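Visitor: One structure follows; several queries about it will come next.
The values are calculated or read from the model by the stated rules, or taken from the named source; none is laboratory data. Note that the structure is predicted; figures quoted are calculated from it, not measured. Cβ: placed from backbone, ideal geometry, glycine included. Neighbour counts: every protein chain shown. Accessible surface areas use protein heavy atoms only, side chains included; no ligands, DNA or RNA. Shrake-Rupley method; radii C 1.70, N 1.55, O 1.52, S 1.80 Å.
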Amino acid sequence: MIPASSFAGRQVVLFGLGGSGLATAHALVEGGAEVLAWDDNPQSVEKAGAEGIATGDLREADWSRFAAFVLSPGVPLTHPKPHWTVELARAAGVEVIGDVELFVRERNARAPGAPFIAITGTNGKSTTTALIAHILQATGRDTQMGGNIGRAVMTLDPPAPQRHYVVECSSYQIDLAPSINPTAGVLLNLTPDHLDRHGTMQHYAEIKERLVAGSDTAIIGVDDSWCAQIAERLERAGRKVVRISKRLPLKDGYFAEGTDLLEAVDGRHTRVASLDGIGSLRGQHNAQNALAALAACRSVGLTVEEIQAGLESFPGLAHRMEQVGRKGHVLFVNDSKATNADAAAPALSSFERIYWIAGGLPKEGGIEPLRGLFPHIAKAYLIGEAAPAFSVTLGEAVPYEISGTLAAAVEHAAADAGREGGSEGVVLLSPACASFDQFRNFEVRGEAFRQAVHAIDGIEPIGGTR
């Protein structure tokens, strides 16, 4: 835990007592703050009280005595309208911050030189964060990973000069972190997302820009116009900007050419790393993730040799194009985290002959946006509530069966793929749906897929269990 000593001896109010909120409350208490916490969920309030956190209805509190209001990132700050606690804080002139801001202040106070890499973007954040942390850990560096992935940021070990922090930041967390100042800030890409919470695409982009604007080195993917404009704006303002592109040759920065990762300096290109043969980093989207990791790791002093070794040993992110087994020429891939069509597209574009397991609780738009990738699908195995609708979309374009359950789909897909000769076939779980009709969450669905694959006679597991 990182004791939030920046508020020692002062009174702090906190709303939101989920996992990260409760951890933040404990960090504030450990740092010497007097905390008053609340949540709309009575069970969360009861749990916090049982763990020694003072609780009370914030509608009845005297807000004039609070030094800060710590808000859970899951609670609306601005749109569709500010949460009632935000309105009370603003009326009293109390600053509204989040757990990432607390982390930033503790780093600034304890070890301002501790390498801090922060990652954001609409897509690819989690894989990039995990990849950067893996590369650092593989070199033996003291590495802490958390934020919007894995551990809540205030549960990491306290800042120390040579301790490296790799923190995934959602737009909600950035919005509550006005002082964020990473050693290297990564902005991967921007497409419309969370507009119900940010109002407009312009506002969403402005929030994301704050992370790189406060960075010593701003690493920006320039394959979309929003990010390209941000890179130009920061460069004009005198910030150090490193551009990355998964599809465009750059004059300066890092870009991908097939599986090669190239560094460009004043128009001259040099291959500095390769993704050739690295199954966990297949696809153009993973090229962007790897380029970001390359630029970030170099910015904190790693050599290209260290980075290449880390790329080669990266096991992949659980439930995201995770290779779980192989039998002969058939590869089994768990992409359970693909809970809508856009999220399923990278996996479908990364393989040529796919036995696709899809379905679950359907999202708006279904799989129609994936029509251009149908030629990659040898056969589809449809499960859950979405199966009838998906079968209509597939029509005569793709052979399919309605398997009903995930276990049946794995069994049938494995048999069909095994009968096909020739080049690699891929049994791919990439549902393009939420899991809630049959599973508690996408992690449980992905684990069920792993178990079904590992139960196949003659299977060779890849990467063990997680």
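Visitor: Ordering 327, 337 by how much accessible area each has at a 1.4 Å probe, largest first, what is the list? Don't skip to the answer; put the middle values down first.
Guide: Details: 327 90, 337 65 Å².
Sorted descending by solvent-accessible area, the residues read 327, 337.
Visitor: Residue 4's amide H: which non-local residues (gap 5+, or another chain) put their own amide H closer than 5 Å, with H modeled 1.01 Å from N in plane and none for Pro or chain starts?
Guide: 28, 30, 31
Visitor: Any lysines with Cα under 28 Å of the residue 379 Cα? List them, leaving off those in the same chain fewer than 8 positions away.
Guide: Straight-line reach from residue 379, under 28 Å: 327, 337, 363.
Visitor: Follow-up question, since we're still on this one. Rounded to the nearest 5, what is the percent of antiparallel bridges among the DSSP beta bridges in the chain?
Guide: Of those bridges, close to 25 percent are antiparallel.
Visitor: Right, another one. May I ask you to derive the relative contact order of the chain, considering only C-alpha pairs under 8 Å and at least 6 residues apart, and to give it as an integer percent?
Guide: 11 percent
Visitor: A further question follows. Hey, can you list the DSSP H helices of the chain whose Cα span along the axis is 15 Å or longer and whose average Kyte-Doolittle score is at least -1.0?
Guide: 19-30, 99-110, 125-138, 201-213, 225-236, 284-299, 406-419, 442-454
Visitor: Here's another thing I want to ask about it. Relative contact order for the stretch 228-308 using alpha-carbon pairs under 8 Å, separation at least 6, rounded to a whole percent?
Guide: Rounded, it is 21 percent for the stretch 228-308.
Visitor: Sticking with this one: For residue 303 and residue 268, what does the FRET efficiency come to when R0 = 25 Å and r is the distance between their Cβ atoms, rounded to the nearest 0.05? All intermediate terms of the calculation are to be shown ahead of the outcome.
Guide: Details: r = 20 Å, r/R0 = 0.80.
Once the sixth-power term is evaluated, E becomes 0.80.
Visitor: I've got another one for you. With a 1.4 Å probe and all protein chains left in place, how much accessible area per residue does the stretch 323-466 have, in Å²?
Guide: Heavy-atom SASA per residue in the stretch 323-466 reads 43 Å².
Visitor: If amide H atoms are built 1.01 Å from N in the plane of the peptide, which residues on other chains or at least 5 residues away come under 5 Å of the amide H of residue 242?
Guide: Placed amide hydrogens put 218, 219, 220 under 5 Å from residue 242.
Visitor: Another question about this same structure. Would you mind classifying the stretch 351-466 by shape? Square roots of the alpha carbon gyration tensor eigenvalues, ordered a ≥ b ≥ c; an a/c under 1.5 is rounded, otherwise it is prolate if a/b is larger than b/c and oblate if not. Show your work: numbers first, answer last.
Guide: Values: a/c = 1.86, a/b = 1.15, b/c = 1.62.
Oblate.
Visitor: Next up: Which one of 148, 184, 174 is farthest out on the positive end of the charge dipole of the stretch 128-197, using unit charges on Cβ (Lys, Arg +1; Asp, Glu -1) and the Cα centre as origin?
Guide: 184
Visitor: Send over the Kirkwood Rh of the stretch 228-358, from the inverse of the averaged 1/r over different Cα pairs, rounded to one decimal Å.
Guide: With all distinct Cα pairs of the stretch 228-358 included, I get 16.2 Å.
Visitor: Dividing the alpha-carbon radius of gyration of the chain by 2.2 N^0.38 Å (N being the number of residues), what value is obtained?
Guide: Working: Rg = 23.3 Å, N = 466, 2.2 N^0.38 = 22.7 Å.
The value comes to 1.03.
Visitor: Another question, then. Of all the accessible heavy-atom surface of the chain, with the other protein chains kept in place and a 1.4 Å probe, what percent is carbon and sulfur? Present the calculation step by step, with values, prior to reporting the outcome.
Guide: On the way: 9100 of 18580 Å².
Looking at the chain in its full context, I get 49 percent from C and S.
Visitor: Magnitude of the Cβ-charge dipole of the chain, K/R +1 and D/E -1, about the Cα centre, nearest 20 debye?
Guide: Details: 41 positive and 54 negative charges, 158 e Å.
Dipole about the Cα centre, nearest 20: 760 debye.
Visitor: Report the one residue of 228, 265, 281 whose Cα lies farthest in the direction of the positive end of the charge dipole of the stretch 228-316 (charges on C-beta: Lys and Arg +1, Asp and Glu -1; origin at the Cα centre).
Guide: 228
Visitor: What lysines sit close enough to residue 208 to cross-link, taking a C-alpha to C-alpha distance under 22 Å and skipping anything fewer than 8 places away on the same chain?
Guide: Cα-Cα hits under 22 Å: 81, 125, 240, 246.
Visitor: Place +1 on the Cβ of every Lys and Arg and -1 on the Cβ of every Asp and Glu in the stretch 195-351, take the dipole about the Cα centre, and give the residue among 339, 250, 299 whose Cα lies farthest towards its positive end.
Guide: Farthest towards the positive pole: 339.
Visitor: If you don't mind, there's one more thing I want to ask. Counting only other residues whose beta carbon sits under 14 Å from that of residue 48, what net charge do I get with K and R as +1, D and E as -1?
Guide: Counting the neighbours of residue 48, the net charge comes to -4.
Visitor: Amide H neighbours of residue 260 under 5 Å, at least 5 residues apart or on other chains, H built in the peptide plane: list them.
Guide: When sequence neighbours closer than 5 places are left aside, the close amide H contacts are 275.
Visitor: Measuring from centroid to centroid over Cα atoms, what is the spacing of the stretch 152-216 and the stretch 232-267 in Å?
Guide: Using only Cα atoms, the two centres lie 21 Å from each other.
Visitor: Hey, what's the stretch 1-139 come to in accessible area per residue, 1.4 Å probe, Å²? Walk me through the intermediate numbers first.
Guide: Numbers: 5280 Å² over 139 residues.
Computed with neighbouring chains in place, this is 38 Å² per residue.
Visitor: I'd like the distance between the alpha-carbon centres of the stretch 64-132 and the stretch 411-466, rounded to an integer number of Å.
Guide: Between the Cα centre of the stretch 64-132 and that of the stretch 411-466, the gap is 37 Å.
Visitor: Same structure, new question: Cross-link candidates for residue 251: which aspartates and glutamates have Cα within less than 18 Å, leaving aside residues fewer than 8 places away along the same chain?
Guide: In chain and number order, the partners are 223, 224, 232, 235, 260, 263, 266.
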